[in-house]
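S.K.: Here you go, one structure.
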Amino acid sequence: MELLDTLVVGAGISGLSLAHALEAEATSAPPLKILVAESQGRVGGNITTVIAGGFLWEEGPNSFSPTPELMKLAVDVGLKQELILADRKLPRFVYWQGKLQPVPMTPPAMIQSQLLSFPGKLRALFGALGFVAPAMGDSLRDSYASRLSQQGEEETVSQFFRRHLGTEVMQRLVEPFVSGVYAGDPQQLSAAAAFGRVTKMADLGGGLVAGALLSARKRPKKMPADPNVPKTKPGELGSFKQGLKALPEAIAAQLGDRVKLNWQLTRLQRTERETYIAEFSTSDGPQQVEARTVVLTTPAYVTADLLQPLEPQVSSALQAFTYPTVASVVLAYPQSDVKGKLVGFGNLIPRGQGIRTLGTIWTSSLFPDRAPAGWQTLTSYIGGATDSEIGNLDSEQIVREVHRDLSRILLKPDVPQPKVLTVKLWKRAIPQYNLGHFDRLQQIENGLKSLPGVYLCSNYVGGIALGDCVRRGFESALEVREYLQNQSSDTRSI
């Protein structure tokens, strides 16, 4: 049996980015022996692009923020000419009290916005300037301090933003954002875990404005930009002409036969020489590989089962992550059924507005060539941590719920049923960065010390966005390479 340097389990964007980085950073000869094993019959993980009938839609992630790492990766795998960026000036909307209100993106827009009342704007202004009550009171009888004590001195997203910016900002801006990004419950999500940059700014400056200014001063100078990588601006969203699947497919094409599809990892065991034997169920029958390092990019619940025999402490921490059920519903309507021309990224809906849908991306307004002429494609998300019952509905029932919501927000009265492009029910969609998140990560880190050469690289650590996954893959590749180099040095010195 050939000894691999690195076995990567999972060919989602995290695993493929890591494998690519290991290849790209290779300076030794011969090159590292790498294998990427994927249980599905395709690469990409949750990235699911479908092209049919003149429509192009996504059933998982819909776009990406063009982070430096992701943009460089796209260029490195030959997708520079395939990149498309949405106009960052396109407005975002929140549906509040029966109307679509543009999200204020600048101070003047905030002043003019009808989304917040005048008292709500004042409360947000004073809070942003640092006039904020401390999280911990002076008395143990203080109810807020008591709640924080029960939470391990950790604020929820709801508690943090109510304290800093007031109830209106929390309900009308933060809550719908949380629903759109995490499909989460702001009363359960950890503020420090889900909004790390914001909470650090508040800690640094005593208020968000002062913290932002101090953070900007302390931020290290940017490295000179790679002239081969297209320049982007804050607020832009990206994709590819053939959809997001273009990225994992391009990476996999470069890796070639080092990517194995329909390989389901069934068992992982450690050897006496500190390598790992991985047993797979494949379409060609059982397979075994031995590797010096193993990187598990699988979801927390899958990784928990794999590591239970090796390290129960890590398995227990992984089992504590929750993944709510979310349905991605892509519907197409004749443009004549829509109230006017939709110009914008889409709309989010705060809870309490009588709308079950979490939010809708105006897909064919965001990127070109996503729908035939005369059609409007809308991608809606429904379910999440605050609506677990969505998993009990069938596809037709889910479509009825979404169509009813769209009829109230975006469609003309009494429009007929839409063209249903897909209803994708993700039973376990997005890992929740709930209270205790950092304690769980610490437990995992401590437990992995007994498994040298095993690394976890998935979206329950360090961010759920595609850019986070690419960055984490690059960072994990550096750790793996350093371990392999140190291990080789130790062997030579014997």
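S.K.: Taking the Cα centre of segment 45-98 as the origin, how large is its charge dipole in debye, to the nearest 20, when only Lys and Arg (+1) and Asp and Glu (-1) carry charge on their Cβ atoms? Could you put the intermediate results ahead of the total?
M.R.: On the way: 5 positive and 6 negative charges, 53 e Å.
Here segment 45-98 has a charge dipole of around 260 debye.
S.K.: With a 10 Å radius around each residue's Cβ, average the other Cβ atoms per peptide and rank 442-449, 92-99, highest first.
M.R.: On the way: 442-449: 15.4, 92-99: 17.6.
The most tightly packed comes first, giving 92-99, 442-449.
S.K.: Is there a quick way to get the dipole size of the chain? I mean about its Cα centre, with the Cβ of Lys and Arg at +1 and of Asp and Glu at -1; what is the value in debye to the nearest 20?
M.R.: Values: 51 positive and 47 negative charges, 374 e Å.
It comes to approximately 1800 debye.
S.K.: Of the options Ser65, Gly98, Ser113, report the single residue whose Cα projects farthest towards the positive end of the charge dipole of segment 56-126 (beta-carbon charges: Lys, Arg +1; Asp, Glu -1).
M.R.: Ser113
S.K.: Which net charge results when you count Lys and Arg as +1 and Asp and Glu as -1 among the other residues whose beta-carbon is under 11 Å from that of Thr275? Spell out each step's value before the answer.
M.R.: Numbers: positive: Arg270, Arg273, Arg292; negative: Asp5, Glu272, Glu274, Glu290.
For residues surrounding Thr275, the net value is -1.
S.K.: Excluding same-chain residues fewer than 8 positions from Lys260, which lysines have a Cα within less than 24 Å of its Cα?
M.R.: The reachable lysines, counting only those whose Cα sits under 24 Å from Lys260, are Lys33, Lys245.
S.K.: May I ask you to evaluate 6.51 cos²θ - 1.76 cosθ + 1.60, the Karplus curve with θ = phi - 60°, for each residue of segment 111-124 and list the ³J(HN,Hα) values in order in whole Hz, giving x for glycine and proline?
M.R.: Karplus values, whole Hz, x for Gly and Pro: 5, 7, 4, 9, 6, 10, 6, 4, x, x, 5, 4, 4, 5.
S.K.: Let me ask something additional. Testing the spin-label approximation: label points 7 Å from Cα along Cα→Cβ at Gln112 and Gln442. State their distance in nm.
M.R.: 4.8
S.K.: Could you work out how far apart the two model spin labels at Glu279 and Lys99 are, taking each label as a point 7 Å from the Cα in the direction of the beta carbon, and quote it in nm?
M.R.: 6.5
S.K.: In straight Cα distance, which aspartates and glutamates are under 14 Å from Lys72, not counting same-chain residues fewer than 8 positions off?
M.R.: Excluding near neighbours in sequence, the set is Glu25, Glu82, Asp226, Asp468.
S.K.: Separate question: Could you calculate the contour length gain from Gln187 to Ala216, that is, 0.36 nm times the residue separation minus the distance between their Cα atoms, to one decimal place in nm?
M.R.: On the way: separation 29, 0.36 × 29 = 10.44 nm, distance 2.97 nm.
Additional length available on full extension: 7.5 nm.
S.K.: Per DSSP H run of n ≥ 4, the term is -39500 (n - 2.57); total these for the chain, divide by its residue number, and report the mean residue ellipticity at 222 nm rounded to 500 deg cm²/dmol.
M.R.: -10500 deg cm²/dmol
S.K.: Kindly give the semi-axes, whole Å and largest first, of the ellipsoid equivalent to segment 366-432, taking each as the square root of 5 times a Cα gyration tensor eigenvalue.
M.R.: 24, 16, 11
S.K.: Which lysines does Lys89 reach when only Cα atoms under 19 Å apart count, and residues fewer than 8 places away in its own chain are ignored?
M.R.: Lys231, Lys233, Lys341
S.K.: For segment 65-118 and segment 345-418, write down the distance between their C-alpha centroids in whole Å.
M.R.: Using only Cα atoms, the two centres lie 19 Å from each other.
S.K.: Here's something else I'd like to know. Carbon and sulfur together cover what percent of the accessible area of the chain at a 1.4 Å probe radius?
M.R.: Working: 12510 of 23560 Å².
Solvent-exposed carbon and sulfur of the chain make up 53 percent of the total.
S.K.: Ok, one more. Taking the Cα centroid of segment 295-322 and of segment 191-211, what is the distance between the two, rounded to the nearest whole Å?
M.R.: Answer, in whole Å: 31.
The values are calculated or read from the model by the stated rules, or taken from the named source; none is laboratory data. This is a predicted model, so every value here is computed, not measured. Ideal geometry is used to build each Cβ from the backbone, glycine not excepted, and the neighbour counts take in all protein chains shown. Heavy atoms of the whole protein, side chains included, go into the accessibility calculation; ligands, DNA and RNA do not. Shrake-Rupley method; radii C 1.70, N 1.55, O 1.52, S 1.80 Å.
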